[in-house]
Amino acid sequence: MIYQGVLQKMQTELANPIQYYLVFEDSFLNVNQLLDKEITITFQGYQCLNCGQPKKIFRQGFCYDCFMSSPAVGDWIMRPELSTAHLDIEDRDLEYEKRVQLQPHIVYLALSSEVKVGVTRKTQVPTRWIDQGAVQAVPIVEVPNRYLAGITEVALKNHFADKTSWQKMLKNDVLPADLQIERKKTFDWLPKEAQPYFAEHEKIYDLQFPVLQYPKKVSSLNLDKTPLYTGKVMGIKGQYLVFEDGTVFNIRSYEGYVVKMSV
């Protein structure tokens, strides 16, 4: 079978294990079906996810021009504390920014390589945690806008990591922790504006990934340097395909790349 098209991050379905899908223009693939099978990935070109032009991808699936102009990749995406829609202040497109920023957001703890703090829109639960490769996650607060979530995350970064070690996550080298105990500690560290949103009890989400064998060492597949790669799929975790030889392919990093996948 041959699947061909523009890479976008894998869509996911919460199940045991998590189900992954690659969606192309004319077809889709349940990626779980690739486990224990050999596939060939061929890099064929670029297509910007924003303008659709065959221009070299700069970041996040966007060409340089779109990355510099689109409201979908403003600085407040990566740094929620920079959000200003709640003040009626525009960054690139106030209507878009109000739509995204002025909705419920979750500040959470997740266990992917160690306990980390993060922010996501409520509508992205549990997708965000799946994409990070977290084996467990628990909400801390649900707040009404992105700015409030951002300043809460900044306060908690003094006590928790805010990035995942992707190598450890993919090797399943996860430091043990009790997220409920860690969550209880956070109340005193929250900004005063966020404390009223702290719930006494939140359930822990447990996430099971479809992995047959974890690698001992990992090396990233770079499509620009290696435009043709063949390997046996041994797992899917986060947004990564994990191969038998320790090669890992981060689908998210190659959004906007046109590929052919032969199974």
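The equivalent ellipsoid of the chain has semi-axes of 32, 25, 14 Å, largest first, where each one is the square root of 5 times an eigenvalue of the Cα gyration tensor. The trypsin sites (Lys or Arg not before Pro) of segment 190-263 that meet both conditions, a loop assignment by DSSP and at most 16 other Cβ atoms within 10 Å of the site Cβ, are LYS192, LYS203, LYS216, LYS217, LYS225.
What separates the Cα centres of segment 31-63 and segment 248-263 is a distance of 4 Å. Computed on segment 74-206, with alpha-carbon pairs under 8 angstrom and 6+ residues apart, the relative contact order is 29 percent. Taking every DSSP helix (H) stretch of at least 4 residues in the chain, weighting each as -39,500 (n - 2.57) and dividing the sum by the residue count yields a mean residue ellipticity at 222 nm of -4500 deg cm²/dmol.
The loop-placed trypsin sites (Lys or Arg not before Pro) in segment 25-69, going by DSSP, that have at most 15 neighbouring Cβ atoms within 10 Å of their Cβ come out as LYS37, LYS56.
When the GluC sites (Glu not before Pro) in segment 79-118 are filtered for DSSP coil states and for at most 15 other beta-carbon atoms within 10 Å of their beta-carbon, the remaining sites are GLU90. When the alpha carbon coordinates of segment 74-206 are projected onto the principal axes, the ranges are 43, 30, 24 Å, largest first.
The distance linking segment 65-143 with segment 167-188 is 20 Å (Cα centroid to Cα centroid, whole angstrom).
Across the chain, the relative contact order, built from alpha-carbon pairs under 8 Å that are at least six residues apart, equals 30 percent.
Each reported figure results from applying straightforward, stated rules to the coordinates on display, with no laboratory input. If you're wondering where the values come from, they're calculated on a predicted model, not measured in any experiment. Cβ atoms come from the backbone with ideal geometry, glycine included; neighbour counts cover every protein chain shown.
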